[in-house]
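These notes concern the structure reproduced below.
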Amino acid sequence: MAGLMLGNQAVARGLYEAGVEFVSSYPGTPSTEITEFASTYDKNEMYSEWAPNEKVACEAAIGASFAGRRSFCAMKHVGLNVAADPLYTASYTGVNGGFVLAVADDQGMHSSQNEQDSRNHAIGAKVPMLEPSDSGECKEFTKLAYEISEQFDTPVILRLSTRVAHSQSIVELEDRKTVRYDYTKNPRKNIMTPANAKPKHIIVEERTKKLREYAETSPLNRVEMFSDEIGIIANGAAYQYAREALGEKASYLKLGMVNPLPVKLIKDFAAKVKKLYVVEELDDIIETHCRKIGLDPIGKELFTFIGEYSQTYLREKILGEKNEFVQLEDTIPVRPPVMCAGCPHRGVFYTLKKLGVFVSGDIGCYTLGSAAPLEAMDTTVCMGASVSGLHGFNKAMRGEYEGKAVAVIGDSTFIHSGITGLINIAYNRTNSTVLILDNSITGMTGHQNNPANGKNIYGDPAAAVDLEALCHSVGIDRVTVINPGDLAETERVIKEELAADAPSVIICRKPCALLKTVKHNPPFKVNKDKCKTCKACMKIGCPAISITDGKAQIDNTLCVGCGLCTQMCRFGAIEE
Amino acid sequence: MAETKAIMLVGVGGQGTLLASRILGNVLLSAGYDVKVSEVHGMSQRGGSVVTYIKYGDKIFSPVIEKGEADVIISFEELEAARWLPYLKKGGKIITNSQQINPMPVIMGVQEYPENLTEKIRAKGVDITAIDALSLAEQAGSSRAVNVVLMGLISKTAGFPEEAWQAALDACVPKKAMEINKKAFALGRGV
């Protein structure tokens, strides 16, 4: 049986067929659907869960591997930074049951805060990394990764990119085969004290040599000979772009194993072609390897370090050919992503803008609070940095900003890594004000349950973190819960907590408007006779409201009746 | 060897371009083609400009479509047709929903929504058809069925058996929305 599958879906299928029994991940675009699809399989065969963050997910998967079961975790590229700590040492312990970590890079930053190349982590952790270039390979490479993991006693990283993770192509289905190992206590292998880790490092270096030999003949790396005029060494999506751009005008060395890289295979290929190119998105890792082994390919001197490549880009760079196209003379207004109509975050950011405070931002839908017309955000770095960053900001400003600075962080992000920053605020004491935007879901990645909303990945009831009690227990005495849909209450409480001579948390609690469980009111209408065109309703940046023919107008296909705009209108022009 | 064909679905996040691409992908697969579909998830879905690439033929390598490469652009919104026009191949065809959805710069009054975009595109010598898919979707029972109305319209000219389309609808549309979507498909096909 064959069907169209997303790359992420094909990885999940590969996990199932490989007999994986434990999956633990934290959502992150473009990796999220791997675990969502994994959770659609029978949990008695392959159990899945959302972990509080990537480090926990990775450690749980390492534990499952110790238990002798094939295990897995998935994350986006920046999530691997969070999980790097356990990964680098799991490289020393090795595995019992096979352990594979999937990481999805986001070339082009479709939904990310940076464009880091995860291959650097494979090099740093000294673990093999496989990189598929379509959905069929996603499934095959996933299965092969488990064999490599067990054969070489190592974690294996499966590297995806946005294009591979989020493209559908044809996948053939096979049956599941379970592979299990017994657990035996083995301190020298599994306790990484210096005395045990020193001999392990020697083994790791030997393992890399063996893996490099494996790479010379592995089916993961393949040569496709056509013309000897041009030779292309490429990996992942870049291979597909090159293959389409140059067809049979070139020969190809497609590298499916991107760490460690083969030597002889590359030298032999280079010797067969007149002009050698390395086509790799982001960093110059294959190119640098080529130079180390004495080759002089054309690489980043011609191709960019930035963003995604394409067949058109490569055709232009290598062959000098350009596509023709037509365009209009009109300026086409941009259409950036916006907070949805009825978004519970809107009232918070409107209030923060009105108060003119410094806003330490974080990663989630609410990062859209930085966009016009709300523009109520000063900084955004990574998950959790809003809370810890605000503490540093306030300390460095010697308290001067404590009454006019806040941090904003979502419920899922707060659990991920905001809580440690809050402990620091209480322990090292700044009178910081932290707003937890609790919309009862992990929103931006497409609605995943999390430890604060009382449901597990299967939608079954689960323990829910009591955010109020948690904040109290780490030493925050002032914890207030508000409804961010009430602008007067929101403003009053934020002002009160900013003025307080103590650290404080305001939990802004209202579920995401897109949740199926949320009941919406009927759309509001503008009474044109009452509308004075003062445009006060426009200040909240709701996509459902516009000025048409000189009067405010509400799009009834978008409006969910949240009523925020009715609180803006001084003339009572917005009616049910 | 069948030539590679490239179709783009463009629209505004939330309009259901993903479902439409799944339907189209299923039909092409049942016709025996190699198919690749490239989607956008995550941040840009939040009311932003979204695009899905669909390529089919004997053997497809790259899943993406670049400027000057699309045989057909199916646009769910008029401004998006204009935005993605440069991606159309010479001699290509655009089918657009005539619906206009204001982007944030227009809502804020910083920029104007350009006028007569369909006519301007046609004046460039481009084969463009505009239909009021929103009205047809509302007639079918839900403004959210714009995507399936457009699939109905495409089904007429794409040259695959109607049974393949119906099977794709059965495979891709959630059961409780099936009746409305079958109606929407029929209305689109009837245009």
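The values are calculated or read from the model by the stated rules, or taken from the named source; none is laboratory data. Just so it is clear, the model here is predicted, and its values are computed rather than measured. Here Cβ is always computed from backbone atoms with ideal geometry, including for glycine, and neighbour counts include all displayed protein chains. Only protein heavy atoms, including side chains, enter the accessible area calculation; ligands, DNA and RNA are left aside. Shrake-Rupley method; radii C 1.70, N 1.55, O 1.52, S 1.80 Å.
Rolling a 1.4 Å probe across the protein heavy atoms gives the protein assembly as shown an accessible surface of 39 Å² per residue. How much of the accessible area of the protein assembly as shown, in percent, comes from carbon and sulfur atoms when a 1.4 Å probe is used? Carbon and sulfur atoms account for 51 percent of the accessible area of the protein assembly as shown. Note the angle between two axes, namely the Cα long axis of helix A:7-17 and the longest principal axis of the Cα atoms of chain A, as a number of degrees from 0 to 90, rounded to the nearest 10. Once rounded, one gets 60 degrees. Note on the range B:32-101 and the range A:272-302: Cα centroid distance 33 Å, given to the nearest whole angstrom. Report the chymotrypsin sites (Phe, Trp or Tyr not before Pro) located in the range A:117-219 that are in a DSSP loop and have at most 13 other Cβ atoms inside 10 Å of their Cβ, or state none. Qualifying residues, ordered by number: A:TYR183. Scanning chain B for GluC sites (Glu not before Pro) in DSSP loops with at most 13 neighbouring Cβ atoms within 10 Å leaves B:4-111 as the longest stretch between them. In order along the range B:137-149, the Karplus-derived 3J(HN,Hα) couplings, from 6.51 cos²θ - 1.76 cosθ + 1.60 at θ = phi - 60°, round to 5, 5, 4, 6, x, 7, 5, 7, 8, 3, 4, 6, 4 Hz, and Gly and Pro are given as x.
For q = 0.22, 0.30 Å⁻¹, what log10 I(q)/I(0) does the range A:51-94 give under the Debye formula with an equal point scatterer on each alpha carbon and no solvent? Those come out to -0.67, -1.12, one per q. For the pairs A:LYS272/B:LYS67; A:LYS300/B:LYS89; A:LYS143/A:LYS516; A:LYS267/A:LYS300; A:LYS55/A:LYS354; A:LYS139/A:LYS275, flag any whose C-alpha to C-alpha distance is greater than 27 Å. Over 27 Å apart, Cα to Cα: A:LYS272/B:LYS67; A:LYS300/B:LYS89; A:LYS143/A:LYS516; A:LYS55/A:LYS354; A:LYS139/A:LYS275. For chain A, the mean residue ellipticity at 222 nm estimated from helices alone is -9500 deg cm²/dmol, where every DSSP H run of n ≥ 4 contributes -39500 (n - 2.57) and the total is divided by all residues, rounded to the nearest 500.
Taking trypsin sites (Lys or Arg not before Pro) in DSSP loop states with no more than 14 other Cβ atoms inside 10 Å as exposed sites, chain B has its longest site-free stretch at B:125-191. The charge dipole of chain A, taken about its Cα centre with unit charges on the Cβ atoms of Lys, Arg (+1), Asp and Glu (-1) only, comes to about 720 debye. Counting every C-alpha pair in the range B:1-60, the share spaced more than 14 angstrom apart comes to 53%. Relative contact order of chain A, taken over Cα pairs closer than 8 Å and 6 or more residues apart, is 11 percent. Taking K and R as +1 and D and E as -1, what net charge do the other residues with C-beta under 15 Å from the C-beta of A:ASP228 add up to? Around A:ASP228, the charge tally is 0.
Show me the trypsin sites (Lys or Arg not before Pro) within the range A:495-541 that DSSP assigns to loop and that have at most 14 other Cβ atoms within 10 Å of their Cβ.
Here the sparse-neighbourhood loop sites are A:LYS516, A:LYS519, A:LYS528, A:LYS530, A:LYS532, A:LYS535.
Bridging of B:LYS156 to lysines at a Cα separation below 16 Å is possible for B:LYS93, B:LYS182, B:LYS183, once same-chain residues fewer than 8 apart are set aside.
Placing unit charges on the Cβ atoms of the charged side chains and taking the dipole of chain A about its Cα centre, the candidate lying farthest along the positive direction among A:TYR146, A:ALA573, A:ALA396 is A:ALA396.
Note on B:ASP58 and B:GLN100: with the Förster distance fixed at 45 Å, the Cβ-Cβ geometry gives a FRET efficiency of about 0.70. The orientation-averaged projection of the convex hull spanning the C-alpha atoms of the protein assembly as shown amounts to 34.0 square nanometres. Using Cα centres only, tell me the gap between the range A:350-382 and the range A:56-82 in whole Å. So the separation of the two Cα centres works out to 33 Å. Specify the inter-centroid distance of the range A:521-547 and the range B:135-191, based on alpha-carbon positions, in whole Å. Cα centroid to Cα centroid, the span is 34 Å. Note on the range A:303-454: Cα-Cα pairs beyond 22 Å make up 53% of the total pair count.
Residue-wise HN-Hα couplings along the range A:327-339, as the Karplus relation 6.51 cos²θ - 1.76 cosθ + 1.60 with θ = phi - 60° gives them from phi, are 8, 7, 6, 4, 7, 8, x, 5, 10, x, x, 9, 4 Hz; Gly and Pro carry x. Can you find, among A:ILE233, A:MET257, A:THR208, the residue sitting farthest towards the positive end of the charge dipole of the range A:207-268, where Lys and Arg contribute +1 and Asp and Glu -1 at Cβ? Checked the options; the winner is A:THR208. Based on the Cβ-Cβ distance from A:LYS272 to A:ASN483, what FRET efficiency comes out when R0 is 60 Å, to the nearest 0.05? About 0.30, to the nearest 0.05. Panel values: the range A:73-149, Kirkwood radius from alpha carbon pairs, Stokes-Einstein at 37 °C and 0.692 mPa s, translational diffusion coefficient 248 µm²/s. Once you have a ≥ b ≥ c as the square roots of the Cα gyration tensor eigenvalues for the range A:214-371, tell me rounded if a/c is under 1.5, and otherwise prolate or oblate according to whether a/b is larger than b/c. Prolate. When the charge dipole of the range A:18-145 is built from unit charges on Cβ atoms (+1 for Lys and Arg, -1 for Asp and Glu) and taken about the Cα centre, the candidate among A:TYR41, A:VAL95, A:GLY19 whose Cα reaches farthest toward its positive end is A:VAL95. Charged side chains reduced to their Cβ positions (Lys and Arg at +1, Asp and Glu at -1) give the range A:385-544 a dipole of some 800 debye around its Cα centre.
The radius of gyration of the Cα set in chain B, together with its Dmax, comes out at 15.9, 51 angstrom.
Once the Cα atoms are used to define both axes, helix A:135-152 deviates from the longest principal axis of chain A by about 70 degrees.
Each Cα pair under 8 Å and six or more residues apart adds its separation to the average, and for the range A:1-132 the resulting relative contact order is 24 percent. Here the relative contact order of the range A:400-527, from alpha carbon pairs under 8 Å that lie six or more residues apart, stands at 28 percent.
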